[in-house]
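A short worksheet on the structure shown next.
What follows is calculated from the coordinates using simple rules that are stated; it is not laboratory data. As the structure is a computational prediction, the values presented were derived from the model and not from experiment. Positions of Cβ are generated from backbone atoms using ideal geometry, with glycine treated the same way; all protein chains shown enter the neighbour counts.
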Amino acid sequence: MKKITDKFKMIILGGTASVLLAAIIGTSVAISKNSSSSVKNATLADFEFTSNKDLSTLLASDYATENKTHNIQVNSKYWTEELFFKNFPTSSDLAQREFILRAKNGTLLNAFKDKFLIEFHSYANDLEGELFLKVTLTDFISKIGTPQKTEKIFTLKGFKKVNFESQKQYLFVNSADAKLHGLVDFNSLTQIKDKYNQDNTNDKEALLKSIVSFDLPNSTLIDYSKSVVSFDDKNITIKPYLLAKVNFANLNNLDQISTLSSTNESFFGPEISVNLQNYFDIKNDWGNKVSLSAVTKKLSELTLEEIEKSYDLKTSLFKELKLDNIPAGNTYKFQQNINKNGDEVIFRYDVYSSQQLLIYTGLIKLKKDQFKNS
């Protein structure tokens, strides 16, 4: 057998290197090319959303970027890492993913990366055990007019379904406080009590919402019509009837929520008492004595337009106005909107303690003719 010449060795080695280089390049581009003719014509309509997990043990809301009822567990980055591949995947690679989005012919979502900005939003329906994945492709190559968007919503069924029994462990109230802005139109706690007892169910609910603020977790809502309310000399006491808030996304309304209540028991949270009398003590002590005056001119020399333009967003004060009879050590801020009701002008303000805690909200009502005409 003839010896292989050095020149022939060079040819062989060069050819081998070319093959290796071609293989490397081929691997790197195959994932985005992936049968160029099929990729070129690929659309989101060709894709299927599947999972390798036993979905019956999982809540769809755990994979919802738009979770309305619990802490969000995943974000758009999760879906980016889950649905894109750095290398062309083997069967083993695919089996390790929780979710897969690809066309029936094997085309991966990577096929769109060079031409589109790709966004992911996911929504849950925990009553029916469904996950909705919205994929949006925005054409960022086109420089003519508004970028074109393509959107498709994929549905994956078979997740665990919730009921009231499974959700009631998440029902609670963090705290409750008086809403001072809702108290300004009342002169006493007795007046509030009388109004509540005279109102119909809808008005009772509106009244409660206007005077008491509940800090609730995302999982909880209150049914005010079934809550138990009582009054004493200083407090309003509420025993809240609790409802479970659940994600109820559907193709017509991805942000929809629903509620669950017990069918065999009245599910109340602990009684919560909120002191309202403190507000009326302040109102009777000095709140009713607070007055409005101009800083450098008389009110009659100022137009309402001039006053409105003098509002400073940083300090929440009107540069042309001041409040009198605010106790020393306290500070105040005006609400920007001046309410003009017929021949009456209403200014709203908040008073804060030296610790910057809101302690009082008040109104000052003046006649329009007390100001200069525009």
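For segment 286-370, the relative contact order is 25 percent, taking Cα pairs closer than 8 Å that sit 6 or more residues apart in sequence and dividing their mean separation by the residue count.
Other residues lying with their Cβ under 9 Å from the Cβ of Ile257 contribute a combined charge of +1, Lys and Arg counting +1, Asp and Glu -1. Within the same chain, aspartates and glutamates fewer than 8 places from Lys340 are excluded, and of the rest, those with a Cα less than 17 Å from its Cα are Asp185, Glu305, Glu306, Glu308, Asp369. Look at the Cα gyration tensor of segment 34-157: its axes a ≥ b ≥ c give a/c of at least 1.5 with a/b at or below b/c, and that counts as oblate. Springs between Cα atoms under 10 Å define the GNM used for the chain, and in it the highest mean-square fluctuation of Asn87, Asn275, Asn163 occurs at Asn87. Please compute the net charge surrounding Ile238, taking Lys and Arg as +1 and Asp and Glu as -1 over other residues with Cβ under 14 Å from its Cβ. Around Ile238, the surrounding residues sum to 0. The calculated 222 nm mean residue ellipticity attributable to helices in the chain amounts to -6500 deg cm²/dmol, summing -39500 (n - 2.57) over DSSP H runs of n ≥ 4 and dividing by all residues. For the chain, the relative contact order works out to 12 percent when only alpha carbon pairs closer than 8 Å and six or more residues apart are counted. What net charge is computed for the residues neighbouring Tyr123, neighbours being all others with C-beta under 14 Å from the C-beta of Tyr123, Lys and Arg scored +1, Asp and Glu -1? Once all neighbours under 14 Å are counted, the net charge is -4.
Only one of (1) 0.96; (2) 0.99; (3) 1.21 was calculated from the structure for Rg/Rh (Cα atoms, Kirkwood Rh), and its label is (3). Over segment 167-265, Cα pairs under 8 Å with separation of 6+ residues give a relative contact order of 26 percent. When the listed pairs Lys245/Lys314; Lys209/Lys365; Lys134/Lys314; Lys168/Lys204 are checked against a 30 Å cut-off, the alpha-carbon distance exceeds it for Lys245/Lys314; Lys134/Lys314.
Between the exposed loop cleavage positions of the chain, defined as GluC sites (Glu not before Pro) in a non-H, G, I, E, B DSSP state with at most 16 neighbouring beta-carbon atoms within 10 angstrom, the longest gap is 129-264.
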